[in-house]
Amino acid sequence: MTYEPKNAFDAFAIRIVPDVDPITMTQPLGTRVVDHRGLVDLPALMVLFDDLGGLPFALADRTTSSLQARLTVSSGARPARTDVLRGDSRLTMSDEGLGSTRVDIVRGEDAVASGFARSVRVGRAVIGESEVVVGETLPAPDEAELPPPIDPAFSGADIVAAIADGGLRIGPLAELLGGTIVDPNPEALRFAVPAVAWMGNFFGTMHGGIIGTIVAQAASLGVAANMRAGTGYQLVDFTVAFLRSPAVDGQPVTATATPAKLGRRLSTVDVELRAADGTLLARATADARCDLSG
């Protein structure tokens, strides 16, 4: 039975910890958020990071609305799908128009990801309420079946071509998004996702954390497409600038991942996210560590 999320927080099992200062949220991982390799990577953390990043600035002045303009994230050791993440955020700089928030995400005492969010006051009309819930940490969302092991003789180009053709699964996280590889070209891989209702925010447009997830997932696939057989990778740095937010009207958004540098230790890909009419929605850069075991 296909899981159908109610909203972005439900999809990623995110909750606000009650009566804690600074603002703290939890996210159990689970099989729902793994990729085509059965691993957790940065795309699985982007909704948590985005909400932690935006909330302190939003709460500093409730008379006007705000949006995220940019997220910058660095990751440490890869979390396991059995981990429960806990993140907090602090407003470090702000005035009436702009704010900067530091975000730290841990598992127990170990750092998983940290970075900054830039928010901007927009005065846009709010048409709904934030749907994040204050309450106890949820159980890990483990209803998704893990993807089967991938033949270690496959190159990255072989893997993404097989995913595009349906011979390999794209992984539970991309399946949650409804994502498909529409062009597996390693020089310009294209990953498309329908902008559906559960991805919306209280402005009626796509949640910034979902945009971040889509773009980071495209970056991950873009790195994967250029990997040698038998080698592994992990996204370790990611920056995304939000330029426009699409309506959640079922139309596709498409992320194109282009290699900027391919190396044996570090590779860099650039990503552009565009609406169905070609409007540029977001731009991102991701660095991946590429000297891991496959």
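Ellipticity at 222 nm from helices only: DSSP H runs of n ≥ 4 in the chain, each -39500 (n - 2.57), divided by the residue count, give -5500 deg cm²/dmol.
Could you tell me how many degrees, from 0 to 90 and to the nearest 10, lie between the Cα long axis of helix 156-165 and the main elongation axis, the longest principal axis, of the Cα atoms of the chain? Its long axis makes an angle of about 80 degrees.
Computing FRET efficiency as 1/(1 + (r/R0)^6) for Val20 and Arg283, where r is the C-beta to C-beta distance and R0 is 35 Å, gives about 0.55. A simple spin-label model places pseudo-atoms 7 Å from Cα toward Cβ; at Ala111 and Trp198 they are separated by 3.4 nm.
Using a probe radius of 1.4 angstrom, the carbon and sulfur fraction of the accessible surface of the chain is 51%. Sequence-distant contacts, meaning Cα pairs under 8 Å at least 6 residues apart, place the relative contact order of the chain at 20 percent. The dipole here belongs to the range 73-201: it is taken about the Cα centre, uses +1 on the Cβ of Lys and Arg and -1 on the Cβ of Asp and Glu, and is about 460 debye. Loop-resident trypsin sites (Lys or Arg not before Pro) (DSSP state other than H, G, I, E or B) in the range 51-85 with no more than 12 further Cβ atoms inside 10 Å of their Cβ: Arg62. Once both labels are positioned 7 Å from their Cα atoms along Cα-to-Cβ, the gap between Arg124 and Leu146 label points is 3.9 nm. Can you find, among Leu262, Gly212, Leu280, the residue sitting farthest towards the positive end of the charge dipole of the chain, where Lys and Arg contribute +1 and Asp and Glu -1 at Cβ? Of Leu262, Gly212, Leu280, it is Leu262.
Full extension of the chain segment joining Thr2 with Thr92 gains 28.3 nm, where the gain is 0.36 nm per residue of separation less the Cα-Cα distance. The overall shape of the range 123-249 is prolate: from the C-alpha gyration tensor, with semi-axes ordered a ≥ b ≥ c, the ratio a/c is 1.5 or greater and a/b exceeds b/c.
Placing a label point 7 Å from the Cα of Ala247 along the Cα-to-Cβ direction, the residues of the range 177-214 with a backbone N closer than 11 Å are 205.
The values are calculated or read from the model by the stated rules, or taken from the named source; none is laboratory data. Keep in mind that this is a model prediction, so the values were computed, not measured. As a convention, Cβ positions derive from the backbone with ideal geometry for all residues, glycine included, and neighbour counts pool all protein chains shown. Accessible surface is based on the protein model in full, side chains and every heavy atom, while ligands, DNA and RNA are left aside. Shrake-Rupley method; radii C 1.70, N 1.55, O 1.52, S 1.80 Å.
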